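Taking it in order: structure first as structure tokens, then the write-up.
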Amino acid sequence: LDLVGNALSELGRKAEAKAALQRSLEVDPRYALAHHDLGTVLETGNAEEVERALKCYETAIALDPDLFWAYYAAGCIHARAGRTAEALHLIEQALEKGMRDFEHIEKDADLNSLRQDGRFVELMGRYQKG
């Protein structure tokens, strides 16, 4: 069901994707990746859905503390909302957990508000060198 939800999301069929992912969580509420994937679908919606997405990412992190994409996605939501400290903390957590897709980070418009922040620049430099 999680894979079906992802496929439907890729096809732009958001409502169906959401339904499949919610069904996946009914089957296994402890499946961290399904929480993350539902968050990914929700975060493209209205403000209420974005807040639900953030909760999905938080649940995913609680269930699987090594799921670095959940930290990253939550960090992106905070960055878009102008919550710099929270965003930086979560991006750092994602990097600590093993995220190394620096090309994605460099192109991700969600992080534009952080790019001139010295703490973000230092953080990226530390992990790109390491």
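When the accessible area of the range 38-96 is computed with all protein chains present and a 1.4 Å probe, what percentage of it is carbon and sulfur?
Values: 1340 of 2520 Å².
Accessible surface attributable to carbon and sulfur in the range 38-96 totals 53 percent.
Mind pulling the angle between the C-alpha long axis of helix 14-27 and the longest principal axis of the chain? Nearest 10 degrees, somewhere in 0 to 90.
The answer is roughly 80 degrees.
Using the Karplus curve 6.51 cos²θ - 1.76 cosθ + 1.60 with θ = phi - 60°, what ³J(HN,Hα) values do you get for each residue of the range 37-49, in whole Hz, with x for Gly and Pro?
For the range 37-49, the Karplus curve yields 5, 5, x, 4, 6, 5, 5, 8, x, 6, 4, 5, 5 Hz.
Among the listed pairs K55/K129; K55/K97; K14/K129, which have their C-alpha atoms separated by more than 27 angstrom in this model? Display every interim value, and only then the final one.
Values: K55/K129 32 Å; K55/K97 19 Å; K14/K129 38 Å.
Checking Cα-Cα distances, K55/K129; K14/K129 exceed 27 Å.
Over the chain, with the other protein chains present, what is the accessible area per residue in square angstrom, probe 1.4 angstrom? Numbers along the way, then the final one.
Values: 7050 Å² over 130 residues.
Heavy-atom accessible area per residue stands at 54 Å².
Work out how much length Q116 to R83 would gain on full extension: take 0.36 nm times their residue separation and subtract the Cα-Cα distance, in nm to one decimal.
Roughly 10.4 nm would be gained on extension.
Bins of 5 Å, beginning at zero and ending with the bin holding the largest distance: percent of Cα pairs per bin for the range 76-130, please.
Values per bin, smallest distances first: 4, 21, 34, 30, 9, 1.
Using a/c under 1.5 as the rounded threshold, could you call the range 37-130 rounded, prolate or oblate? The axes a ≥ b ≥ c are square roots of the C-alpha gyration tensor eigenvalues, and prolate needs a/b larger than b/c, oblate otherwise.
oblate
The values are calculated or read from the model by the stated rules, or taken from the named source; none is laboratory data. No experiment lies behind these values; they were computed from the predicted model shown. Note: areas computed on protein heavy atoms with side chains; ligands, DNA, RNA excluded. Shrake-Rupley method; radii C 1.70, N 1.55, O 1.52, S 1.80 Å.
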